[in-house]
1. Fewest first, what order do I35, I187, I22 take by the number of other Cβ atoms within 10 Å?
2. Under Stokes-Einstein, with the Kirkwood radius over Cα pairs standing in for Rh, what whole-number D in µm²/s applies to the chain at 4 °C and 1.567 mPa s?
3. If the label point is 7 Å along Cα→Cβ of K156, which residues in the stretch 79-96 have backbone nitrogen under 11 Å from it?
4. How do the peptides 51-60, 8-17 rank, highest first, by the average count of neighbouring beta carbon atoms within 10 Å per residue?
5. Please tell me which of these pairs span more than 26 angstrom C-alpha to C-alpha: K36/K116; K116/K170; K26/K224?
6. Defining a contact as two alpha carbons under 8 Å apart and six or more residues distant in sequence, what relative contact order in percent does the stretch 99-183 show?
7. Given the Cα-Cα distance of V175 and S6 and 0.36 nm per residue of separation, how much length would full extension add, in nm?
8. Determine, for each peptide in 111-120, 88-97, the mean count of other beta carbons within 10 angstrom over its residues, then list the peptides with the highest first.
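Just so it is clear, none of the values below were taken in a lab; they were calculated from the coordinates. In this text the structure is predicted, and so the values were computed from the model without any measurement. In this analysis, Cβ positions are derived from the backbone assuming ideal geometry, glycine residues included, and neighbour counts consider all displayed protein chains.
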Amino acid sequence: MNSDISNPIICAIDTKDTDEAISLCKKIEPYVGMIKLGLEFFTANGPEGVREITKLGIPVFLDLKYHDIPNTVAEAVRAAVNLGVDVITIHTLGGRDMMQHAVAAAYTEADRTGNKRPLIFGVTVLTSMDKTDLNMIGIRRTPANQVALLANLANKCNLDGVVCSPHEIKLVKSVCDSDFKTIVPGIRPKKSDSEDQKRVMTPGEALRSGADYIVIGRPITKEKDPSEAAKNIYLQLLN
């Protein structure tokens with residue numbers, strides 16, 4: 001991650017409305033290190049919507065989880081380089097060739113254009129999935145073992161890190177290089193709901209487990225005062 005991003009909180013802005021997203025970003029900017037834009041925002045607003053957010057000067061994590069044949073993913077990565085984002089995601093299940101093509105595309109396009117190279121993180125196992133879910137799609141490993149296998153492969157393909165649940169942080173750190181990073185969703189402050197997540201942890205617990213960055217969405221964005229919610233989480237992490 002860029003060395004000037006010292007705040008580990010990544011706030012997921014899940015909205016289709018660009019004006020709402022901009023308003024939220026301005027409110028929470030003092031208390032978060034990065035903004036995550038995902039499929040909902042991108043499908044509604046496209047590249048121009050992303051550019052509107054990057055104009056705010058807040059680091060942007062474009063979480064589109066590219067997963068396709070190597071050439072298609074490489075071309076998508078080249079397009080992302082020109083959006084001015086700081087981080088993008090690809091699916092590690094795309095395999096070695098796809099991941100290597102993505103990394104090469106990021107470097108060559110950044111060199112060609114003079115734009116910054118977005119860091120590439122590989123999605124391992126979604127935090128909405130458990131062992132039963134993996135078994136239903138033919139994967140007989142536990143989530144932890146599957147994450148370890150995919151993180152190790154991503155590390156060998158020179159990705160910058162992986163996205164994993166908080167329960168696999170220590171395992172990823174044990175099988176990958178020391179500078180290999182983790183972005184961790186499935187973060188829920190105490191008393192927050194987790195109806196769409198199965199492998200969760202509080203912000204403090206995740207950071208104590210070694211997470212480099214934690215993703216928090218609705219516990220900030222759906223509160224009556226998002227700025228105050230973000231501030232409270234940030235101050236708790238400082239203590």
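1. Going from sparsest to densest Cβ surroundings: I22, I35, I187.
2. 72
3. 96
4. 8-17, 51-60
5. K116/K170
6. Once divided by the residue count of the stretch 99-183, the mean separation gives 31 percent.
7. Result for the pair: 58.4 nm of gain on full extension.
8. 88-97, 111-120
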